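For reference, the structure I am asking about is given below.
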Amino acid sequence: MGNILNRVFDSSGPEGKVRGTPQQIIDKYNQLARDAQLSNDRVAAENFQQHAEHYARLLSEAQREQEARREQQEAQARERQQQQAERREHQQNAQNAPKAEDTPKPETPPAAASDNDVLDVVEGGAGSGLVETPEAKPAPRKRSRKPSKPKETAAQPGDDVPQAPAAE
């Protein structure tokens, strides 16, 4: 229906045309109705009030539609924000999962040897019967850099002598 709130209307009233937005037309017809009441013209006053009421209904309907659209957009925005927050949480969990799984591995051998019941409960809780999903899998470990070759460190003290014959 467009933006009725800001649309300019031409209203053909009892005493000629009135031009403006719905709110401006309502104000003008109310002013004309007051003038008619002051001049004791009840018929004209009622006629102006009916015209004002018509535009008031148009305006209220447009405002209701605009409010409904705004609420719908806000609901969609909240839904998008919630989905983005869930995605971020899943990504953080996926990044933190390998770290969390690496930490218990060193603790597992001492737990088998110790009498600590709390660790047994934690180990039992890990197998909760939930289906594993790709998101729950730990990310593959990043490869570490190879250590530098020991030949380079040995070649540094004798740089002058071995380099000359190799160059010829």
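Identify all residues within the range 3-26 that are closer than 19 Å to residue 64 by Cα and among the hydroxyl-bearing types (Ser, Thr, Tyr); write none if there are none.
21
Residues being more than 52 Å from the chain's Cα centre (by Cα) and surrounded by fewer than 16 Cβ atoms within 10 Å (Cβ to Cβ): count how many of those fall in the range 29-43. Lay out the reasoning, then the answer.
We begin by selecting, within the range 29-43, every residue more than 52 Å from the chain's Cα centre (by Cα); these are 35-43.
Imposing the further condition that a residue be surrounded by fewer than 16 Cβ atoms within 10 Å (Cβ to Cβ) reduces the set to 35, 37-43.
Qualifying residue count for the region: 8.
With the requirement that a residue be of a type in the set (D, E, K, R) and under 47 Å from the mean Cα position of the chain (by Cα), what does the range 44-58 give you? Show your work before the answer.
Filtering the range 44-58 down to residues of a type in the set (D, E, K, R) leaves 46, 53, 57.
Result: 53, 57.
Looking at 65, 74, 46, which one is surrounded by 10 or more Cβ atoms within 10 Å (Cβ to Cβ), charged (D, E, K, R) and at pLDDT below 95?
65
Follow-up question, since we're still on this one. What tally of residues in the range 15-74 results from selecting those that are of a type in the set (A, V, I, L, M) and outside any helix (DSSP H, G or I)? Talk me through it step by step, then tell me what you get.
Step one: list which residues in the range 15-74 are of a type in the set (A, V, I, L, M), which gives 18, 25-26, 32-33, 36, 38, 43-45, 52, 56, 58-59, 62, 68.
Pick out the ones that are also outside any helix (DSSP H, G or I) and you get 18.
Selection size over the range 15-74: 1.
In contact with a helix residue (DSSP H, G or I) (Cβ under 7 Å, 6 or more places away or on another chain), β-branched (Val, Ile, Thr) and touching a residue at least 40 places away in the same chain (Cβ under 8 Å) - does that describe any residue in the range 1-23?
yes
Say whether the condition of being among the basic types (Lys, Arg), at pLDDT below 95, loosely packed, with under 15 Cβ neighbours inside 10 Å and within 30 Å of residue 139 (Cβ to Cβ) is met by at least one residue in the range 12-28.
no
The values are calculated or read from the model by the stated rules, or taken from the named source; none is laboratory data. None of the values given here were measured: they were computed from a predicted structure. All Cβ positions, glycine included, derive from the backbone under ideal geometry; neighbour counts span all protein chains shown.
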